[in-house]
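Reading through the structure tokens given below for one structure.
The values are calculated or read from the model by the stated rules, or taken from the named source; none is laboratory data. This one's a predicted model, so the numbers in the text were calculated from it and none came from an experiment. So basically every Cβ, Gly included, is an ideal-geometry build from the backbone, and we count neighbours across all protein chains shown. SASA here: full protein model, heavy atoms, side chains in, ligands and nucleic acids out. Shrake-Rupley method; radii C 1.70, N 1.55, O 1.52, S 1.80 Å.
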Amino acid sequence: MIEPERLKGPTLYVLFQCAAYCIDIGSFYLLTHSICPDVLIANFAGKALAGTFAFVAHRYVTFFAQQREPILFQIAKYSVAIVANSILASALLMAIHLVLADVLIAKLISDVISVGLSFFIARSYVFRPHGPERPL
């Protein structure tokens, strides 16, 4: 049986990612239906807003007990992870949008495909504890 304490990190991560996703999809929708009809620009802008929120939430809540590195170093690593994830999600979005006319459905599918990796990237690369790795 899984210990409840071991589920705390992944549960908080998912909750904050859901909130970040609301920021992402909400800003994407507002931008594409108002001042920025360009899908790629709106996608990157939404991810930047959501990423900023998620970094603060994960640094100070989800992975707070594991903090060992200076914040500027973590910001740099998180930024690299966000850029890589944004490129992947945007490439998936464009590929799926070639098949599906509804851009919001295409975005949802592309984000579901790419979001699973983000927890492992955040945990093992950005907010990793010093010392021996602990199993998931």
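Things to note:
- ³J(HN,Hα), Karplus 6.51/-1.76/1.60, whole Hz, each residue of the range 73-86, x for Gly, Pro: 5, 5, 4, 4, 5, 5, 4, 4, 5, 5, 4, 4, 5, 5
- Largest first, the residues Tyr13, Tyr21 sort by 1.4 Å accessible area into Tyr21, Tyr13.
- Computed over protein heavy atoms with a 1.4 Å probe, the carbon and sulfur contribution to the accessible area of the chain reaches 76%.
- Solvent-accessible area per residue, Å², over the chain with all protein chains present [probe radius 1.4 Å]: 60
- Spin-label model distance (nm) - Val99 vs Phe120, 7 Å beyond Cα toward Cβ: 2.2
- Glu69 versus Leu40: modelled label distance in nm, points set 7 Å from Cα along the beta carbon direction: 2.9
- Each residue was assigned an accessible area with a 1.4 Å probe, and for Thr11 the value is about 70 Å².
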